[in-house]
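The values are calculated or read from the model by the stated rules, or taken from the named source; none is laboratory data. These numbers come from a predicted model, not from an experiment. Neighbour counts run over all protein chains shown; Cβ positions are idealised from the backbone, glycine included. Note: accessible area is taken over every heavy atom of the protein model, side chains too, but ligands, DNA and RNA are not part of it. Shrake-Rupley method; radii C 1.70, N 1.55, O 1.52, S 1.80 Å.
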Amino acid sequence: MRNILLSIVIPVYNVEKYLVRCVQSIVALKCEDIEIILINDGSTDKSLDVCREIAKNNNQIRVYTQSNQGVSAARNLGIQKSEGKYISFIDADDWVSEDYAKVINGIRNEDYDICFFNLVYRFSNIDKEKKRNRVVQGNNLSSQICDEIINGTDSSACSIIYKRNIIIENNVRFRLDMRVSEDDMFNLEYAAYCRDGLYIPVTAYIYNRENGSSAVHKCF
């Protein structure tokens, strides 16, 4: 068994134009104890070829493929294939900032059930930052975690890092029968098992809102 700190799961569906940028932003962090899991969800463009080319000379990247079943099914397969102590999700047409390394260092040095950070919505002419407003820097209790998940500024699974054994042992999965709010349901189910959490006030995730046709950001 490899000693993996963080498994990063990336669903891939018809994102050949964006995928390299996404993966390169992670590789550029130079964190040796992470793995990148690419789940090709029945892409009809050249996304699978791009996945294989990216992974060819990088042993941190693994590629799996399935028939088109949607982002939730792709994430669930990534959970099944992951080996890290923690797990996170990134959409293939988004990317991470260099501050994502600070988030990884945070979970490397501590032991928390959940980790929050900030993200920014990237529009064509403006960036709109989404800051966590119901948690405090550093350690948070379960009540604060639930408040952030239920009432916070953003419920995307892409701006949270989860402890993998909580997901596995409690069979927390993304719902296949939901076309909207599947991240909300996943987070609510996960929060029931959280005792403590970490908030690192850096903007580590760039949510690409310029790609309005993205299948990742729509219902499959």
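Brief remarks on what is shown
- Pairs where the first residue, in segment 185-202, is under 15 Å from ASN139 (Cα atoms) and the second is open to solvent by less than 60 Å² (accessible area, probe 1.4 Å) and hydroxyl-bearing (Ser, Thr, Tyr), C-beta under 6 Å, 6+ apart: CYS194/SER142; ARG195/SER142; ASP196/TYR112; GLY197/TYR112; LEU198/TYR112
- Every residue from segment 121-134 that is open to solvent by less than 90 Å² (accessible area, probe 1.4 Å), under 17 Å from GLU148 (Cα atoms) and either assigned to a loop (DSSP other than H, G, I, E, B) or modelled with pLDDT of 95 or more (or both): ARG132
- Selection status of LEU6, open to solvent by less than 10 Å² (accessible area, probe 1.4 Å), closer than 20 Å to GLY197 by Cα and aliphatic (A, V, I, L, M): yes
- Selection of first residues in segment 131-159 that are at positive phi and of second residues that are open to solvent by less than 70 Å² (accessible area, probe 1.4 Å), restricted to Cβ pairs under 9 Å at least 6 apart or on distinct chains, gives the following pairs, ordered by first then second residue: GLY138/LEU198; GLY138/TYR199; GLY138/ILE200.
- In segment 59-71, the residues that are free of Cβ contacts under 8 Å to residues at least 60 places away in the same chain reach residues that are part of a loop (DSSP other than H, G, I, E, B) and surrounded by 15 or more Cβ atoms within 10 Å (Cβ to Cβ) with C-beta atoms within less than 8 angstrom, at least six apart or across chains, in these pairs: THR65/GLY42; GLN66/GLY42; SER67/GLY42.
- Hey, SER143 modelled with pLDDT under 90 and out of contact with any strand residue (DSSP E or B) (no Cβ under 6 Å at 6 or more places or on another chain) or not: no
- All positions within segment 135-174 that are part of a loop (DSSP other than H, G, I, E, B) and more than 16 Å from the chain's Cα centre (by Cα): VAL135, VAL136, GLN137, GLY152, THR153, ASN170, ASN171
For every residue, the table says whether it meets (1) in contact with a Cys (Cβ under 7 Å, 6 or more places away or on another chain); (2) open to solvent by 60 Å² or more (accessible area, probe 1.4 Å); (3) not hydrophobic (A, V, I, L, M, F, W, C).
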position	(1), (2), (3)
CYS115	no, no, no
VAL136	no, yes, no
ILE145	yes, no, no
THR153	no, no, yes
LEU176	no, yes, no
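- Annotation note: of GLU189, GLU148, the sole residue that is of a type in the set (Asp, Glu) and either touching a His at 6+ places or on another chain (Cβ under 8 Å) or farther than 16 Å from VAL135 by Cβ (or both) is GLU189.
- Taken together, LEU198, LEU188 contain a single residue that is among the aliphatic types (A, V, I, L, M) and either more than 24 Å from ILE4 (Cβ to Cβ) or open to solvent by 20 Å² or more (accessible area, probe 1.4 Å) (or both), which is LEU188.
- Test: residue in segment 34-47 that is of a type outside the set (A, V, I, L, M), open to solvent by 40 Å² or more (accessible area, probe 1.4 Å), under 18 Å from the mean Cα position of the chain (by Cα) and farther than 21 Å from THR203 by Cβ: no
- Matching residues in segment 51-105 - criterion: being among the basic types (Lys, Arg) and open to solvent by 20 Å² or more (accessible area, probe 1.4 Å): ARG52, LYS56, ARG62, LYS81, LYS85, LYS102
- Test: residue in segment 174-185 that is hydrophobic (A, V, I, L, M, F, W, C), out of contact with any Ser or Thr (no Cβ under 8 Å at 6 or more places or on another chain) and at pLDDT 80 or above: yes
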